[in-house]
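Reading through the structure tokens given below for one structure.
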Amino acid sequence: MAHQHDPAFWAGRRVLLTGHTGFKGSWLCLWLTQMGAKVTGLSLPAEETSLFRQARIDALVDHIEGDIRDLPTCVAAVERSDPEVVFHMAAQPLVRLSYDMPVETFATNVQGTVHVLEACRRAKALRAIVCITSDKAYENREWLWPYRENDPMGGTIPIPPAKARQRS
């Protein structure tokens, strides 16, 4: 993907984006559609005050509401979009919520990723999968600088190990 910033690279390219109703997913939808990509998104319903709703992104993409914890939903989204590129951003990202709902956090962040990858395994046109996580995958050392790929993973709360599944 040497020309990923070139609009000609993305023009007409079929992209599946999980987590497209989230803040970062919405921005990626806007960028990809601006570059000419044909975007299909798979996410839980958007919040009423979200960027997704305010920017009316559902009118720009093939919007699928669904849960990555359900393998048939992931398979159907991959079949419907026939993606060349997949950006996997769907996750339960909230540290405080992970304390209250650790099982759901692992189900989404770990098993949901397994479902997305399993569905992608069957995609004939697929050329790339980009799994995106956050700095919450790294052990919190209270450092002042940004985390680097070689920094320690994990921690003592549910979010780091559940989000670390995406770093490879």
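The values are calculated or read from the model by the stated rules, or taken from the named source; none is laboratory data. Bear in mind that the values here come from a model prediction, so they are computed numbers and not experimental data. Cβ placement follows ideal geometry from the backbone for every residue including glycine, while neighbour counts extend to all protein chains displayed. Remember, those area values only see protein heavy atoms, side chains included, never the ligands or the DNA or RNA. Shrake-Rupley method; radii C 1.70, N 1.55, O 1.52, S 1.80 Å.
Total residues in region 99-130 satisfying the condition of being touching a Lys or Arg at 6+ places or on another chain (Cβ under 8 Å), closer than 28 Å to ARG13 by Cα and not β-branched (Val, Ile, Thr): the figure is 5.
The set of residues in region 40-61 that are of a type in the set (Ser, Thr, Tyr) and in a strand (DSSP E or B) comprises THR40, SER43. In the condition set (1) open to solvent by 10 Å² or more (accessible area, probe 1.4 Å); (2) among the small types (Gly, Ala, Ser); (3) not in a loop (DSSP other than H, G, I, E, B), ALA77 is compliant with all but (1). Of all residues in region 103-126, those that are within 11 Å of CYS74 (Cα to Cα) and in a helix (DSSP H, G or I) have Cβ atoms under 6 Å from Cβ atoms of residues that are open to solvent by 20 Å² or more (accessible area, probe 1.4 Å) and charged (D, E, K, R), 6 or more apart or on another chain, in GLY112/ARG69; THR113/ARG165. For region 23-51, a residue qualifies if it is over 18 Å from ARG13 (Cβ atoms) and touching a Cys at 6+ places or on another chain (Cβ under 8 Å), but none of them does. Taken as a whole, the condition of being buried (at least 18 other Cβ atoms within 10 Å of the Cβ) and within 11 Å of the chain's Cα centre (by Cα) does not apply to VAL15.
Which condition number in (1) surrounded by fewer than 22 Cβ atoms within 10 Å (Cβ to Cβ); (2) in contact (Cβ under 8 Å) with a residue 24 or more places away in the chain is the one that ASP100 fails? All conditions pass for ASP100, except number (2). Looking for something open to solvent by less than 60 Å² (accessible area, probe 1.4 Å), without any contact (Cβ under 8 Å) to a residue 60 or more places away in the chain, in a helix (DSSP H, G or I) and not aliphatic (A, V, I, L, M) - is there at least one such residue anywhere in region 132-140? There is no residue in region 132-140 that is open to solvent by less than 60 Å² (accessible area, probe 1.4 Å), without any contact (Cβ under 8 Å) to a residue 60 or more places away in the chain, in a helix (DSSP H, G or I) and not aliphatic (A, V, I, L, M). Residues in region 47-99 that are over 14 Å from the mean Cα position of the chain (by Cα), among the hydrophobic types (A, V, I, L, M, F, W, C) and more than 16 Å from ARG122 (Cβ to Cβ): LEU51, PHE52, ALA55, ILE57, ALA59, LEU60, VAL61, LEU94, VAL95, LEU97.
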